[in-house]
1. Among the residues of segment 111-133, how many are surrounded by 11 or more Cβ atoms within 10 Å (Cβ to Cβ) and closer than 20 Å to residue 147 by Cβ?
2. Of everything in segment 108-120 that's farther than 12 Å from residue 98 by Cβ and touching a helix residue (DSSP H, G or I) at 6+ places or on another chain (Cβ under 7 Å), which residue is modelled with the highest pLDDT?
3. Looking only at residues in segment 33-52 that are in a helix (DSSP H, G or I) and among the hydrophobic types (A, V, I, L, M, F, W, C), which one is most open to solvent (accessible area, probe 1.4 Å)?
4. Could you list, ordered by first residue, the pairs with Cβ atoms under 9 Å in which the first is in segment 220-242 and exposed (fewer than 12 other Cβ atoms within 10 Å of the Cβ) and the second is at pLDDT 95 or above, at least 6 apart or interchain?
5. Under 8 Å between Cβ atoms, at least 6 apart or on separate chains: pull out the pairs that start in segment 199-212 with a residue that is within 18 Å of residue 157 (Cα to Cα) and end on any residue that is open to solvent by 80 Å² or more (accessible area, probe 1.4 Å) and more than 16 Å from ligand 2 (Cβ to nearest atom).
6. Between residues in segment 88-111 that are over 17 Å from residue 161 (Cβ atoms) and residues that are open to solvent by 60 Å² or more (accessible area, probe 1.4 Å) and assigned to a strand (DSSP E or B), which pairs lie under 6 Å by C-beta distance while being six or more apart or on different chains?
7. Scan segment 14-30 and tell me whether some residue there is hydroxyl-bearing (Ser, Thr, Tyr), under 17 Å from residue 196 (Cα atoms) and either within 16 Å of ligand 2 (Cβ to nearest atom) or open to solvent by 30 Å² or more (accessible area, probe 1.4 Å) (or both).
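The values are calculated or read from the model by the stated rules, or taken from the named source; none is laboratory data. Given the structure is predicted, the values throughout are model-derived calculations rather than measurements. Counting neighbours? That spans all protein chains shown, and the Cβs are built from the backbone with ideal geometry, glycine included. Please note that ligands, DNA and RNA were not included when accessible areas were found on the heavy atoms of the full protein model with its side chains. Shrake-Rupley method; radii C 1.70, N 1.55, O 1.52, S 1.80 Å.
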Amino acid sequence: MAKLEIKNLTVEVAGKTILNDFNLTINDGEIHAIMGPNGTGKSTLSKVIMGDPNYKMLSGTIYYGDQNLETLTVDERARLGIFLGMQMPLEIEGVTNADFLRSALHAKEQQNFKLMPFIKELDTVVEQLYMNKDMIHRGVNQGFSGGERKKNEILQMYLLKPSFVILDEIDSGLDVDSLKIVGDNVMKYHDEKNPGILVITHYQRLLDYIKPDFIHIMVDGKIVKSGDASLVSYIEEHGYDEFKKKETKKVVSIGTCAVKETLKHE
Ligand code: ADP
Ligand code: MG
């Protein structure tokens, strides 16, 4: 167990600066939610914490406890207890869900890994998530619907027992019943293991189940406002407009006017 501390983080993706002097600290057991318009760098943040090599740290630091994450691989970060439930979970052809989970757990627990308790827990959590039992033996996410993939991410979380959890738009693709099941399971896990949690979402409906201690609004690669849960209803009502940079809006409107002018003269 440890706190995650991000300081002055600037990150480049495909030659473009996405995160810009980003700061955030999440203590053990705290739940933080990040909301923000599309393309603002939320998934980038989750991937750079996890160590995706496509996302380049130009400056700043990410610490998990006293461990500087910058030079660690995705694997090493996972072994430290960091887990990312992805916005778009990947399919793995030819590897069943059960095999995948067993090897991931084996890699983590080494000689402490025990097969019978693993199988028992897998069954329990599959039931707890109201997943179809045959999904254990199908290829990872192969032919899974959007919602089933999201539940599968939560299944992985439950078995891997991370001490820090990032959930990137775990609510997208879920119907109302599945949303409640996923939300309740995340809270149950939080009650049992007290991990720090970072949830990225667009909607209040997820936060009706996953109760954040802090909400952050992220625009253009940084947090522009933080507050408590009341900030969510404010955003639902007013949108993000007032948090967007005035200059950006001006440039956009000048750009549109210029296009209109050009069209008029053609
Ligand atoms: P959000 O999750 O807030 O919607 P993202 O972090 O996914 O935003 O993306 C932020 C910006 O970075 C977008 O403009 C996106 O196109 C760009 N981006 C993200 N990942 C990549 C990548 N692998 N290659 C190129 N551009 C990327
Ligand atoms: Mg995203």
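1. Going through segment 111-133 one residue at a time, the tally reaches 8.
2. 113
3. 50
4. Between residues of segment 220-242 that are exposed (fewer than 12 other Cβ atoms within 10 Å of the Cβ) and residues that are at pLDDT 95 or above, the close pairs are 228/212; 228/213; 228/214; 228/215; 230/215.
5. Correct list of pairs: 209/180.
6. The qualifying pairs do not exist here.
7. Yes, segment 14-30 has at least one match.
So that you can scan it fast, the table gives a plain yes or no per residue for (1) closer than 22 Å to residue 45 by Cα; (2) over 20 Å from the mean Cα position of the chain (by Cα):
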site	(1), (2)
99	no, yes
128	no, yes
141	no, no
158	no, no
169	yes, no
172	yes, no
178	no, no
193	no, no
